[in-house]
Amino acid sequence: MKTFNRDDLHTFVKHSNINEQAVKTALEQHIYPQKKDWQKFLQIFFITLGIGFTVAGIIFFFAYNWNHLHKFVKIGLILGLVIVTTLFSIYGTKKTVLQQLLMVGAFFLVGVLFAVFGQIYQTGANAYDFFLAWTVFTTLWVFNSNFSPLWLCYFSVMHTTVFLYAQQVATNWPNEFVYLILFVLSVITFVLMYVYASKNTNNSIHNWLLQTIALAATVYATFGMVIAIFQKYEFLFFIFLFLVAMVYYLGFWLSNKLKNIYYQAIIFFSLIVIITAFLLEISDGEGMFLFIFLFIIFSITMVIRRLVELQKQWSHES
Amino acid sequence: MNHKEHIQNVIGYFNSINASPIEVDEERIEQQLENAYQSQSLLIKIMSVLGGFLASLAFVGFLFMIGIYRSEFSLLFFGFLFIVAAIWMIKTYKTILFETMSVSFYMIGFLMVGFGLGEMKLAEVYIPNTYILLSLITFCLVQNYLLNFVALQIINGSILFLIFNYHAVLLLNVYVGFLAILLTAVCIKESFLLTYHSISKNLFKPIVSGLFIAFIISLSYLAKEIAVFKVTIIHYHAISLAFILFPLIYLLLDVFKKMEINKQVVKVSICVATVLLLIPTVIFPAIAGALLIILLGFWSSHNAAFVLGVLSCMYFVAQCYYDLEYTLLTKSIMLFITGILFCSIYFLTVKKLSSNEAV
């Protein structure tokens, strides 16, 4: 096997006496693009620029005439686009990647449709019911699509709905309650997806989707706990603490079961941030800042050491 | 992955292309490959970076709490101390956590020095000059990817600050052109720089990445010229465009060799067509600069630079059309014509670009 990458080449040149000509030959043969790559690059370059500029020209043309269009024409245009993309994406029994991407396009066009509706009828900026309608009306497509990026877009819109609802309607909810709801929602989603993915092996719920949901859950838990800590330990804090403790314990169990350090890593990091907030709540004098500085360095070093050991141990086992 | 086998294979390859048999420090190579493989997990790297950043934030909080900002002398003193400590730390400890902390201390040190100098109410020009001096000294003292990268960005930022302070529009264009030529020279002469001297070996990577980013930042300042300088001087743009076109044509000549295009007529006509196509970008030379980055990133196989070039090209084109003072209709016609032009170039060359494969 004679292929090596640029880092390998640099390492080699640093510790040997290879001359300039040899390095040049090595670069040209293994690292720089060959004639085939150049041909492909130029093809993609010209066609992308061509299509990109042409489509931009058409969009600008519509933008110029947008104010003069009748509202039926505006909504009809976007509805037409939604119908066309959806039809193309469900055509045929075997789904190609292009069709799945078209479904994602249809998903965003539904959002555009509701946005235009909001613009025509002046429902207000970022109204939560715009996102709610978007979520509800695309649910069927997403559940049928089996395409991980589409699931991710769907969850983002769902969480945005909850967030904006809390901001615009339920203004009496405390902040940490919103994060608690989002945390519980993410955990339930994660559990459902994980169970579904382990039951059906022939699915496309990729690992990265599960890991992203877990990351979202951890972020909500961290934010919520930090806010709850600074709110002086109301009753909600103890519920939150209990739930977070349970979920984190399950997270450690999952990490050990799957032999994957990812879940452990994000939980540890979240715990470090929460403990830092706890320390700051106790006292925010200068001594505490110095102590926090030392605590963070110590804890992160310990955590990274443990994670690297675990990774070595698990990769040798497998 | 068997490192020893891999090393032997690569040594065999180099022996075959080198004039004389090479001497290799196998142990250190194996050690370095092991290290790279160990900490390859992106997750651990991200955790270290975030942890180092948080720790430095806590330390800055500590400094603020003890009121260090009340005395210029202590700001300057501790600023210099932090910069020296950062350099010492990165030479002594080789783990990612300490590297990140060292870079954070380095940046905090510079901030404190700048703060201190500002509090002393000297002329504004002292701060960027001090920064440039300190960064250059860093280059002499340490060769580490992160630290030298940051030092290069500080030099670039200071030069840009000086340019804006003195409203030197002409200098901005000359500087952008200079960066274009320097970047292309460094990329093309990779083999020379790697084998020239031990310092240049270690400095190559940070300088290349640093120059790419510095070039993009300077281009974006050139793009925002109208917002900052309140005036757009087209004659000065011609200078930066010329300086960008020279490396572009040079690279094109090299691409001709790679694509085995030998007819003189074809070569000249492609060069002339490129120049003519890029002449209209004199109103917005950042677009030509982004095209240079795309070409350079692909030519030298720097994928990150290539992607950055693509993204910045899209941004600069959008910014250009946003700033143009024509109606949306005129803009749509211009965009449409450009699109049709590129589509026709594609259809003209697609046969040529793929027919060689069949042969």
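Derivation of every value follows stated rules applied to the coordinates shown; laboratory data play no part. Just so you know, these numbers come straight off a predicted model, no measurement behind them. Glycine gets a Cβ as well: all are built from the backbone with ideal geometry, and neighbour counts include every protein chain shown.
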Give a residue-ordered list of calculated ³J(HN,Hα) values for the stretch B:141-153 (Karplus: 6.51 cos²θ - 1.76 cosθ + 1.60, θ = phi - 60°; whole Hz; x for Gly, Pro). 8, 9, 10, 9, 4, 5, 5, 5, 4, 4, 4, 5, 5
Any idea how far the Cα center of the stretch A:198-231 sits from the one of the stretch A:9-72, in Å? 35
Once the in-chain neighbours fewer than 8 apart are removed, the lysines whose Cα is under 28 Å from A:K71 read B:K331
Could you give each residue of the stretch A:220-228 its phi-based ³J(HN,Hα) in whole Hz, using Karplus coefficients 6.51, -1.76, 1.60 with θ = phi - 60°, and x for Gly or Pro? 4, 4, 4, 4, x, 5, 4, 5, 5
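Let me know the charge dipole size of the stretch A:1-146 about its Cα centre in debye, to the nearest 20, where only the beta-carbon of Lys, Arg (+1) and Asp, Glu (-1) is charged. Spell out each step's value before the answer.
Details: 11 positive and 6 negative charges, 64 e Å.
Computed charge dipole of the stretch A:1-146: roughly 300 debye.
Other chains near B:3-11: what is the mean number of their Cβ atoms within 10 Å of each residue's Cβ? Please list the in-between numbers first.
Details: counts 0, 0, 1, 5, 4, 0, 4, 11, 3.
So the per-residue partner count for this stretch is 3.
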The size of the Cβ-based charge dipole (Lys, Arg +1; Asp, Glu -1) of the protein assembly as shown about the Cα centre, to the nearest 20 debye, is 1460
Simple Cβ-charge dipole of the stretch B:241-359, Lys/Arg +1 and Asp/Glu -1, about Cα centre, in debye nearest 20: 360
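Per residue of A:61-71, count partner chain C-beta atoms within 10 Å of its C-beta, then hand back the mean as an integer. Intermediate results must be reported in sequence, preceding the final value.
Numbers: counts 7, 2, 4, 7, 3, 1, 0, 0, 0, 0, 0.
For this peptide, the per-residue mean of nearby foreign Cβ atoms is 2.
Rounded, prolate or oblate: which one fits the stretch A:185-318, using the alpha carbon gyration tensor with axes a ≥ b ≥ c (rounded when a/c is under 1.5, else prolate when a/b beats b/c, else oblate)?
Details: a/c = 3.10, a/b = 1.45, b/c = 2.13.
Oblate, because a/c is 1.5 or more while a/b does not exceed b/c.
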Cβ neighbours within 10 Å from other chains - mean over B:49-57: 5
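Ranked highest first by the average count of other Cβ atoms within 10 Å around their residues, in what order do A:158-167, B:116-125 fall? Let's see the in-between values first.
Working: A:158-167: 17.7, B:116-125: 13.6.
Result, highest mean first: A:158-167, B:116-125.
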Positive-end residue of A:F53, A:I31, A:F12, charge dipole of the stretch A:1-85 with Cβ unit charges: A:F53
Could you name the lysines in cross-link range of B:K263, using Cα to Cα under 21 Å and dropping any fewer than eight places away on the same chain? A:K35, A:K36, B:K351, B:K352
Percent relative contact order of the stretch A:242-318, based on C-alpha pairs within less than 8 angstrom and at least six residues apart? 30
With θ set to phi - 60° and the Karplus curve 6.51 cos²θ - 1.76 cosθ + 1.60, what are the ³J(HN,Hα) couplings of the stretch B:235-249 in order, to the nearest whole Hz, using x for Gly and Pro? 4, 5, 4, 4, 5, 5, 5, 4, 5, 7, 5, 4, x, 4, 5
If the reach is capped at under 18 angstrom between alpha carbons, list the aspartates and glutamates near B:K258, excluding any in the same chain fewer than eight residues apart. A:E28, A:D37, B:E190, B:E357
Could you tell me the center-to-center distance, by alpha carbons, between the stretch B:203-270 and the stretch B:99-133 in angstrom? 32
Have a look at B:F77, B:I279, B:V49 and report the one farthest towards the positive end of the charge dipole of chain B, computed about the Cα centre with Cβ charges (Lys/Arg +1, Asp/Glu -1). B:I279
For the stretch B:162-271, averaging the sequence separation of alpha carbon pairs under 8 Å that lie six or more residues apart and dividing by its residue count, the contact order in percent is 35
Collect residues whose amide H, placed 1.01 Å from N in the peptide plane, falls under 5 Å from the amide H of A:H206; neighbours closer than 5 in sequence don't count. A:S148
Return the long-range amide H neighbours of B:V24 (sequence gap of 5 or more, or a different chain), with a cut-off of under 5 Å between placed amide H atoms. none
With unit charges on the beta carbon (Lys/Arg positive, Asp/Glu negative), name the residue among B:L182, B:I163, B:V150 whose Cα is farthest towards the positive pole of the charge dipole of the stretch B:118-232. B:L182
Between their Cα atoms, which of A:K312/B:K94; A:K95/A:K257; A:K14/B:K189; A:K40/B:K267 are more than 28 Å away from each other? A:K95/A:K257
With a ≥ b ≥ c the root eigenvalues of the C-alpha gyration tensor of the stretch B:236-340, is it rounded (a/c under 1.5), prolate (a/b larger than b/c) or oblate? prolate
